[in-house]
Amino acid sequence: MNIRQLKIFVTVCQSGSMTAAAKNLYISQPSISNAIKEFEREYGIQLFDRTSKKLTLRALQLWHAYLVFD
C-alpha cells in the first residue's frame with residue numbers, strides 16, 4: 001500500500017462512490033477502481049460490498065485493515 005491508495009480509499013469512504021471520489025481527486029474512475037482492487041489484493045481483504053452502483057463499507061474488513069496497520 002502506498003499513500004495514494006490510502007488517500008483514494010479514504011476519499012471513496014467519504015464520498016460514498018468511486019465516481020464521486022474520482023471527481024474529487026481529478027482522476028479517472030477506472031484508476032480509482034484499480035487502486036482499490038490492488039489495495040484489497042495486497043492485503044487479502046475486501047473493503048467494500050459492491051452491488052449495482054452502490055458501495056457498502058465492510059465493517060469487519062475495515063477492522064482487519066486497522067489491525068494490519070496498527
Here the residues within region 1-14 that are under 15 Å from residue 28 (Cβ atoms) and either aromatic (Phe, Trp, Tyr) or over 10 Å from the mean Cα position of the chain (by Cα) (or both) are 4
Just one listed residue, out of 45, 27, 32, is surrounded by 14 or more Cβ atoms within 10 Å (Cβ to Cβ), among the β-branched types (Val, Ile, Thr) and closer than 17 Å to residue 58 by Cβ, and it is 45
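Listed here are the residues, each with its yes/no results for (1) of a type in the set (Gly, Ala, Ser); (2) in contact with a Leu (Cβ under 9 Å, 6 or more places away or on another chain); (3) modelled with pLDDT under 80.
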| site | (1), (2), (3) |
| --- | --- |
| 6 | no, no, no |
| 25 | no, no, no |
| 28 | yes, no, no |
| 36 | no, yes, no |
| 46 | no, no, no |
| 49 | no, yes, no |
Inside region 1-23, the number of residues satisfying the requirement of being polar (S, T, N, Q) and either exposed (fewer than 14 other Cβ atoms within 10 Å of the Cβ) or touching a residue at least 24 places away in the same chain (Cβ under 8 Å) (or both) is 4
Filtering region 11-20 down to residues that are more than 15 Å from residue 40 (Cβ to Cβ) and in a helix (DSSP H, G or I) yields 11, 14, 15, 19, 20
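The values are calculated or read from the model by the stated rules, or taken from the named source; none is laboratory data. Just so it is clear, the structure is predicted and the values come from calculations on it, not from any experiment. All Cβ positions, even for glycine, are placed from backbone atoms using ideal geometry, and neighbour counts span all protein chains on display.
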